[in-house]
Amino acid sequence: MLNLILFGAPGSGKGTQSAKLIDQFGLFHISTGEVLRDHIARGTELGKIANTYISKGNLIPDDLIIDIIEHVIDNEAKDSKGVVFDGFPRTIPQAEALKTLLEKRGHKVDAVIGLEVPEEELIERLLLRGKDSGRADDNLDVIRQRLEVYHNQTHPLKDFYITEGNYLPVEGSGNVDDIFNSIAEGIEKATGKIRRSHKK
Ligand code: AMP
């Protein structure tokens, strides 16, 4: 099983690059943000709780997110050849929980792809996306808070994964296909486990 984390600030292109990864490597995709937005749209209890955090640009409590991930690993993703984690983990306790969850099942995080994009570009991209994403959190005030939360709570994961020895930095500005090629080559070289179904 190949387990990849797409890591980066809001607006760094995690969703776009995840879509290409699942297409070309045939992996299972889990975006915790999408799971939560789906709960909000369906008006579930979890959705109601999640909305109070998401609308302010804050993170949902770790235990709720870890339960979601554990459920997906043991159900929807169980028979897949690998998983792309998009937007998870976002805190050190989440990263530690993922490590334990995977180890218990005889797996590990194979590579953490860190999409590195300058801050001004992130804000521009998120404002542009906000024009048609319909996402309540793609407006300037909430974007600022999401970036602050990223710096304080999520960015420290970079050092965590550098220490683990599986962090792969990727320049996240420029052409989407060029960025994807850097990611794909990095994964092929770092893991030796998998190849793309077709190269563009
Ligand atoms: P995203 O779609 O990844 O940008 O996530 C949108 C929002 O969902 C975030 O700003 C958080 O409020 C929440 N969220 C998504 N993933 C996580 C996570 N791993 N931990 C805590 N909150 C999360």
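Per residue, the solvent-accessible area of the chain (1.4 Å probe, heavy atoms of protein chains only, all protein chains present) comes to 50 Å². Placing a pseudo-label 7 Å from each Cα along the Cα-to-Cβ vector at residue 131 and residue 96 gives an inter-label distance of 4.4 nm. Please work out the C-alpha center-to-center distance from the range 151-197 to the range 1-53 and express it in whole Å. Value for the Cα centre distance between the two parts: 17 Å. By a 1.4 Å probe calculation restricted to protein chains, residue 159 has an accessible surface near 100 Å², given to the nearest 10.
Rounded to the nearest 0.05, what FRET efficiency do residue 23 and residue 116 have when you use their Cβ-Cβ distance and R0 = 22 Å? Provide the component values of the computation, followed by the final result.
Working: r = 23 Å, r/R0 = 1.04.
Plugging the Cβ-Cβ distance into 1/(1 + (r/R0)^6) gives 0.45.
The value of relative contact order for the chain, using C-alpha pairs under 8 Å at least six residues apart, is 33 percent.
Could you work out what % of the accessible surface of the chain is carbon and sulfur, using a 1.4 angstrom probe and leaving DNA, RNA and ligands out of the count?
50 percent
I'd like the FRET efficiency for residue 16 and residue 197, computed as 1/(1 + (r/R0)^6) with the beta carbon distance as r and R0 of 30 Å, rounded to 0.05. Plugging the Cβ-Cβ distance into 1/(1 + (r/R0)^6) gives 0.95. If R0 is taken as 35 Å, the Cβ-Cβ distance between residue 181 and residue 78 corresponds to a FRET efficiency of 0.70. Under 5 Å between amide hydrogens, built in the peptide plane, is the criterion, and for residue 83 it picks out 2, 3, 4, 28 among residues at least 5 positions away or on other chains.
Suppose every K and R has +1 on its Cβ and every D and E has -1 on its Cβ; what is the size of the dipole of the range 2-191 about the Cα centre, in Debye to the nearest 20?
Working: 21 positive and 32 negative charges, 67 e Å.
About 320 debye.
Starting from the Cα gyration tensor of the chain, multiply each eigenvalue by 5, take the square root, and state the resulting semi-axes largest first in whole Å. Let's see the in-between values first.
Working: eigenvalues 121, 88, 52 Å².
Computed over the chain, the values are 25, 21, 16 Å.
The Cβ shell under 12 Å around residue 93 holds other residues with a net charge of -1, Lys and Arg each +1, Asp and Glu each -1. For the range 87-155, the C-alpha radius of gyration divided by 2.2 N^0.38 Å, with N the number of residues, is 1.38.
The values are calculated or read from the model by the stated rules, or taken from the named source; none is laboratory data. Small disclaimer: the values here were computed from a predicted structure and weren't measured. FYI the Cβ positions are ideal-geometry reconstructions off the backbone, even for glycines, and counts take in every protein chain you see. Heads up: the accessible areas ignore ligands, DNA and RNA and are worked out on the full protein's heavy atoms, side chains in. Shrake-Rupley method; radii C 1.70, N 1.55, O 1.52, S 1.80 Å.
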